[in-house]
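See structure below.
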Amino acid sequence: MDQLIGKTEEELCALVEAIGEKPFRGRQIYHNIHQRRMLDFDQMTELSKALRDKLTAAAKVTESQIASVFHSTDGTRRYLIRLGDGLESEAVFMPDERRDTICISCQVGCAVGCKFCMTAQMGIKRNMTAGEIISQVVIVLNEVYGAGNETPHGTNLVFMGMGESFLNYDEVMKSIRIMADEKGLGIRPKRVTVSTSGIIPAIYQFANETVRPNLAISLTATTEAERTDLMPLNRKYTLGELIKACRDYPLGERERLTFEYVMLEGINDSDEDARRLVRLLNGIRAKVNLIPHNPAPELPYRASSMERIQAFQQILIEKDLPAFIRRPRGQDISAACGQLAARHEAV
Ligand code: SAH
Ligand code: SF4
């Protein structure tokens with residue numbers, strides 16, 4: 001047996017049956033791990049001592065451990081989490097007056113190669129398993145709130161850490177189903193957002209999921225040439241086809257597609273870009289998040305000025321395209337969008 005977190009109820013029932021236990025023990029274990037966030041078999045007191053010992057000898061709840069925690073002056077915390085094989089992932093906790101947001105990774109590194117993103121510079125090390133993905137949430141919640149209680153109501157979860165969710169589709173979806181489950185973490189799909197750089201076939205697949213969180217598309221450019229420069233995957237999955245996939249996407253009644261747009265000074269932030277963006281998204285029920293570029297010494301871009309970002313936003317709003325400026329969080333500890341690269345220092 002490897003780690004038990006991230007296994008479905010059915011998988012856990014089969015596992016305990018294989019070691020001579022009644023299947024319902026599997027359901028109890030599932031509940032203790034995912035709903036009550038118990039990471040130690042000895043906390044699971046409704047199991048007999050003999051069974052707890054047997055489990056402790058044969059398996060672990062999770063192999064992930066906190067390697068370091070960095071605290072930002074704005075309350076954001078960046079968690080460096082060591083996985084079973086020694087590689088490291090990152091999760092970010094962002095408290096807010098109304099509700100908290102946890103930003104998680106789904107791969108160690110990323111293969112997509114966006115020019116403005118630090119994670120790209122790591123290359124791809126490997127996909128994370130559903131258990132490793134969920135472990136981040138459990139570890140962060142336990143560190144902030146302690147184990148044994150349910151997920152605080154209204155916690156938001158975003159797949160905007162390291163990696164491209166749609167290049168690790170099956171494990172990401174499995175983790176979402178367990179996290180959405182009332183008997184699991186109980187984080188409702190409407191509180192979860194998956195962000196993609198635009199893996200088009202996966203967008204069509206995602207559209208057909210029964211448990212389906214919100215979808216965010218990282219656009220960041222309004223012409224094919226500009227987007228190919230910034231996001232080389234645009235050669236394969238072109239802007240034109242991406243927008244078509246968005247038009248085909250079956251939005252629920254209250255749903256909207258989110259488009260993320262990293263504001264890069266002098267590159268994609270002109271009035272003309274804003275007007276093109278309006279035309280591109282015309283007819284799609286959308287909102288736009290403008291993300292001021294988070295700089296890093298290794299990246300060749302600068303953030304647009306706040307004045308420029310506001311002028312850009314104004315053009316969208318005047319054309320009835322809702323647009324929001326994302327407040328940078330945790331920049332001082334390298335925790336902001338695009339800064340995650342498993343760093344051991346705050347930079
Ligand atoms: N791989 C996914 C999700 C992780 S990145 C994706 O690309 O969508 C989350 C968001 O941060 C994306 O919208 C991405 O465009 C943005 N981003 C990447 N690098 C950034 C940077 N240096 N500054 C600001 N935002 C950045
Ligand atoms: Fe990967 Fe997203 Fe960074 Fe692009 S922005 S390199 S897809 S993590």
**OP:** Kindly provide the set of residues from the stretch 44-53 that are open to solvent by 80 Å² or more (accessible area, probe 1.4 Å) and either touching a residue at least 60 places away in the same chain (Cβ under 8 Å) or under 17 Å from residue 24 (Cβ atoms) (or both), ordered by number.
**Re:** 45
Original post:
Any idea which residue in the stretch 163-178 is farthest from ligand 2 (Cβ to nearest atom), counting only those that are closer than 11 Å to residue 199 by Cβ and outside any helix (DSSP H, G or I)?
Top reply: 168
**OP:** Restricting attention to strands (runs of 3 or more DSSP E) lying wholly within the stretch 92-133, give those where 1 or more residues are near ligand 2 (Cβ under 10 Å from one of its atoms).
**Re:** 107-109, 124-127
**OP:** Confirm whether residue 98 is over 30 Å from residue 21 (Cβ atoms) and in contact with a His (Cβ under 7 Å, 6 or more places away or on another chain).
**Re:** no
Subject >> Count - residues of the stretch 305-318 that are touching a residue at least 40 places away in the same chain (Cβ under 8 Å) and either within 16 Å of ligand 2 (Cβ to nearest atom) or exposed (fewer than 15 other Cβ atoms within 10 Å of the Cβ) (or both) >> reply: 1
Original post:
Of all the residues that make up the stretch 111-126, how many are touching a strand residue (DSSP E or B) at 6+ places or on another chain (Cβ under 6 Å) and surrounded by 20 or more Cβ atoms within 10 Å (Cβ to Cβ)?
Top reply: 1
Original post:
Can you spot a residue in the stretch 143-160 that is farther than 24 Å from residue 261 by Cβ, β-branched (Val, Ile, Thr), open to solvent by 20 Å² or more (accessible area, probe 1.4 Å) and within 16 Å of ligand 2 (Cβ to nearest atom)?
Top reply: no
**OP:** Would you please name the residue that is farthest from ligand 1 (Cβ to nearest atom), looking only at residues in the stretch 253-279 that are touching a residue at least 60 places away in the same chain (Cβ under 8 Å) and under 17 Å from residue 226 (Cα atoms)?
**Re:** 264
**OP:** Pairs only if they're at least six apart or on different chains, beta carbon under 7 angstrom, first in the stretch 124-135 and under 16 Å from residue 180 (Cα atoms), second part of a helix (DSSP H, G or I) and of a type outside the set (D, E, K, R); list them, first residue then second.
**Re:** 130/175; 130/178; 133/172; 133/175; 134/175; 134/178; 134/179
Subject >> Where residue 82 falls short, out of the listed (1) within 16 Å of ligand 2 (Cβ to nearest atom); (2) among the charged types (D, E, K, R); (3) open to solvent by 10 Å² or more (accessible area, probe 1.4 Å); (4) touching an Asp or Glu at 6+ places or on another chain (Cβ under 8 Å) >> reply: (1)
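The values are calculated or read from the model by the stated rules, or taken from the named source; none is laboratory data. None of these values were measured; they are calculated from a predicted model. Neighbour counts are summed over all protein chains in view; Cβ atoms, including those assigned to glycine, are modelled from backbone coordinates with ideal geometry. For the accessible areas, the whole protein counts, side chains as well, though only heavy atoms, and no ligand, DNA or RNA atoms are used. Shrake-Rupley method; radii C 1.70, N 1.55, O 1.52, S 1.80 Å.
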